[in-house]
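The values are calculated or read from the model by the stated rules, or taken from the named source; none is laboratory data. Model, not experiment: these values are computed from the prediction. With ideal geometry, Cβ positions are generated from the backbone for all residues, glycine too; neighbour counts draw on all protein chains shown.
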Protein chains: 2
Amino acid sequence: MSERELLPILGQPVRERSDAARNRDAVMCAAQRLVDSCGVEAVTMDAVAEAAGVGKGTVFRRFGSRAGLMARLLDESEAGWQAAVISGPPPLGPGAPPRERLLAFGRSRLTSNLERSELLIAASGADTGRSYAAYSFTATHVRYLLGEIGVRGDIALLATALLAPLEVPILRQQVQVEHMQIERILAGWEDLVDRVLQAP
Amino acid sequence: MSERELLPILGQPVRERSDAARNRDAVMCAAQRLVDSCGVEAVTMDAVAEAAGVGKGTVFRRFGSRAGLMARLLDESEAGWQAAVISGPPPLGPGAPPRERLLAFGRSRLTSNLERSELLIAASGADTGRSYAAYSFTATHVRYLLGEIGVRGDIALLATALLAPLEVPILRQQVQVEHMQIERILAGWEDLVDRVLQAP
DNA sequence: GCCATAACCGGACCGTAGTCCGCTTTCATT
DNA sequence: AATGAAAGCGGACTACGGTCCGGTTATGGC
């Protein structure tokens, strides 16, 4: 929550003003508190502003939109997950064979997407590019693993084919409407990986 | 637009009142006209109500929400597409071998999803179950084709794996952000089908 | 320490989705 | 045709996301 926002202007980074930083932290903390206590859906921007002790305009200036604010909250937990992928223990982190890492990735992504599904939905449509950054990381990682495994074909599209069934709307459909068990969905995804990996 | 809504109550269908039917048609026609002339995003519920010559409350009573109204508009074109799948000429319709039908299905679904992406996005979240009906049809059809082909495995999950990359948010990401060509996406999907079909 | 300036703040304001309730219309029954 | 009541109607009302602009404050240069 204490990250400094740097705006590169003609190569000269400009430090965020101190009052702006203070307000940003206050807003993020207040938003997190409200989300924890009331649930994502029930949190209004007016409530966040009041809880943070700032004006509504300040919240919108810093985060652009409700989706943008939620995306920022998401980043907090996303960062930890990304760290686990980049430098955590195997099989999710480096050290295990790429196929094992891919399977661990799917398992982890599926459960974490389901856990944070409300926040992910609320954050979708954030045009600030933050939300896209999170997706971009997973796509890059899966492409890298597919490359390491030596899969033939259009790597970018195969990565999308593996990531698409892990998207929140699809998981919610399976779990809440079709009442599928998580274990079954996971087994299906691993089966999909097997089919994608075996070259013709 | 002249469909009669039947509410089965204890087995006794109740006919929709004539003024309700008239207003429903007026609202659907007005909404379609506004969408055609202004684009989906610019259409407000107030504008629809005024163009239809009814009160706002009437629109919300009949369609539940903006998403519900858009889902109904979608149903109009969806019906034609479903008819083509069920009884149209091969390879999309019956008569061709199931693998050919599946490939034709993907091609058709991909292009139609992209064409109607604005309406699909506006209709998503319609809890009226109408939107789910459209998804359910495609899932059932793909499961049927996979069964005909004789694929081994969890048919329901394999169908989801094939349908997920055709969802609008993913296609938009590929086309608008990553600037992929439609032809490339389509080729990737057909490659995915090949990998899924070949049993180990 | 003082000043100029650019960034920031805040709350009044707007547009739109969705709700509510008293009034009206339809229609089955007689 | 008269009637009772259920279904429908409509527009005023609320809640929330998002914008705007006059006033305020931090900051870097002197």
- Message: Cβ-Cβ under 8 Å, sequence separation 6+ or interchain: first residue in segment A:14-25 and within 18 Å of residue A:48 (Cβ to Cβ) and surrounded by 12 or more Cβ atoms within 10 Å (Cβ to Cβ), partner hydrophobic (A, V, I, L, M, F, W, C) and at pLDDT below 80. Which pairs?
- Response: A:25/A:1
- Item | Failed condition for residue A:98, given (1) touching a residue at least 60 places away in the same chain (Cβ under 8 Å); (2) touching an Asp or Glu at 6+ places or on another chain (Cβ under 6 Å) | (1)
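For (1) in contact with a Ser or Thr (Cβ under 6 Å, 6 or more places away or on another chain); (2) assigned to a helix (DSSP H, G or I); (3) more than 22 Å from residue A:70 (Cα to Cα), each residue gets a yes or a no:
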| position | (1), (2), (3) |
| --- | --- |
| A:138 | no, yes, no |
| A:141 | no, yes, yes |
| A:147 | no, yes, yes |
| A:169 | no, yes, no |
| A:180 | no, no, yes |
| A:188 | no, yes, yes |
| A:194 | no, yes, yes |
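Just to be sure before I move on: is residue A:67 part of a helix (DSSP H, G or I), within 13 Å of DNA strand D (Cβ to nearest atom) and away from chain B (no Cβ under 14 Å) in the structure I sent? Show your work before the answer.
Details: part of a helix (DSSP H, G or I): yes; within 13 Å of DNA strand D (Cβ to nearest atom): yes; away from chain B (no Cβ under 14 Å): no.
Taking the combined requirement at face value, the residue does not satisfy it.
Going by what's in this entry, would residue A:95 be described as in contact with a Pro (Cβ under 9 Å, 6 or more places away or on another chain) and on the phi > 0 side of the Ramachandran plot? Can you show your working first?
Details: in contact with a Pro (Cβ under 9 Å, 6 or more places away or on another chain): yes; on the phi > 0 side of the Ramachandran plot: yes.
Here the answer is yes, as residue A:95 does meet what is asked.
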- Query: Has segment A:125-136 got any residue that is aromatic (Phe, Trp, Tyr) and either touching a Lys or Arg at 6+ places or on another chain (Cβ under 9 Å) or more than 10 Å from chain B (Cβ to nearest Cβ) (or both)?
  - Reply: no
- Pairs, first under 15 Å from residue B:193 (Cα atoms) in segment B:130-150, second charged (D, E, K, R), C-beta under 7 Å, six or more apart: B:145/B:101; B:149/B:99
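Among the residues of segment B:91-115, write down those that are closer than 28 Å to residue B:31 by Cβ and surrounded by fewer than 19 Cβ atoms within 10 Å (Cβ to Cβ).
If the condition is that a residue be closer than 28 Å to residue B:31 by Cβ and surrounded by fewer than 19 Cβ atoms within 10 Å (Cβ to Cβ), then B:108, B:110, B:111, B:112, B:113, B:114, B:115 are the ones that fit.
Go through segment B:15-64 and report how many residues are away from DNA strand D (no atom under 14 Å from the Cβ) and small (Gly, Ala, Ser). Step through it out loud before you land on a result.
Of segment B:15-64, the ones away from DNA strand D (no atom under 14 Å from the Cβ) are B:29, B:31-40, B:42-43.
From what is left, the residues that are small (Gly, Ala, Ser) are B:31, B:37, B:39, B:42.
Selection size over segment B:15-64: 4.
Quick one: which residue in A:78, A:41, A:118 is charged (D, E, K, R) and not in a helix (DSSP H, G or I)? It would help to see each step written out before you state the result.
On the way: A:78 fails: not in a helix (DSSP H, G or I); A:118 fails: not in a helix (DSSP H, G or I).
Step by step, each of A:78, A:41, A:118 is checked, and only A:41 is charged (D, E, K, R) and not in a helix (DSSP H, G or I).
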- Across segment A:168-200, what is the number of residues that are over 18 Å from residue A:100 (Cα atoms), touching a Lys or Arg at 6+ places or on another chain (Cβ under 9 Å) and facing another protein chain (nearest Cβ under 8 Å)? 2
- Query: Across segment A:63-110, what is the total count of residues that are in contact with a Ser or Thr (Cβ under 6 Å, 6 or more places away or on another chain) and closer than 22 Å to residue A:46 by Cα?
  - Reply: 3
- Query: Has segment B:85-99 got any residue that is touching a Lys or Arg at 6+ places or on another chain (Cβ under 8 Å) and of a type in the set (A, V, I, L, M, F, W, C)?
  - Reply: yes
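Residues in segment A:175-185 that are surrounded by fewer than 21 Cβ atoms within 10 Å (Cβ to Cβ) and within 26 Å of residue B:186 (Cα to Cα): how many? Steps first, please.
Of all residues in segment A:175-185, those surrounded by fewer than 21 Cβ atoms within 10 Å (Cβ to Cβ) come to A:175-184.
If we keep only those that are within 26 Å of residue B:186 (Cα to Cα) too, we end up with none.
Count: 0.
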- Note on the structure: Checked segment B:59-90 for anything buried (at least 18 other Cβ atoms within 10 Å of the Cβ) and over 21 Å from residue B:134 (Cα atoms); matches are B:59
- Restricted to segment A:41-86, and to residues that are among the hydroxyl-bearing types (Ser, Thr, Tyr) and either on the phi > 0 side of the Ramachandran plot or over 21 Å from the mean Cα position of the chain (by Cα) (or both), which residue is nearest to DNA strand C (Cβ to nearest atom)? A:58
- Some residue of segment B:152-163 being closer than 17 Å to residue A:188 by Cα, modelled with pLDDT under 95 and more than 8 Å from every other protein chain (Cβ to nearest Cβ): yes
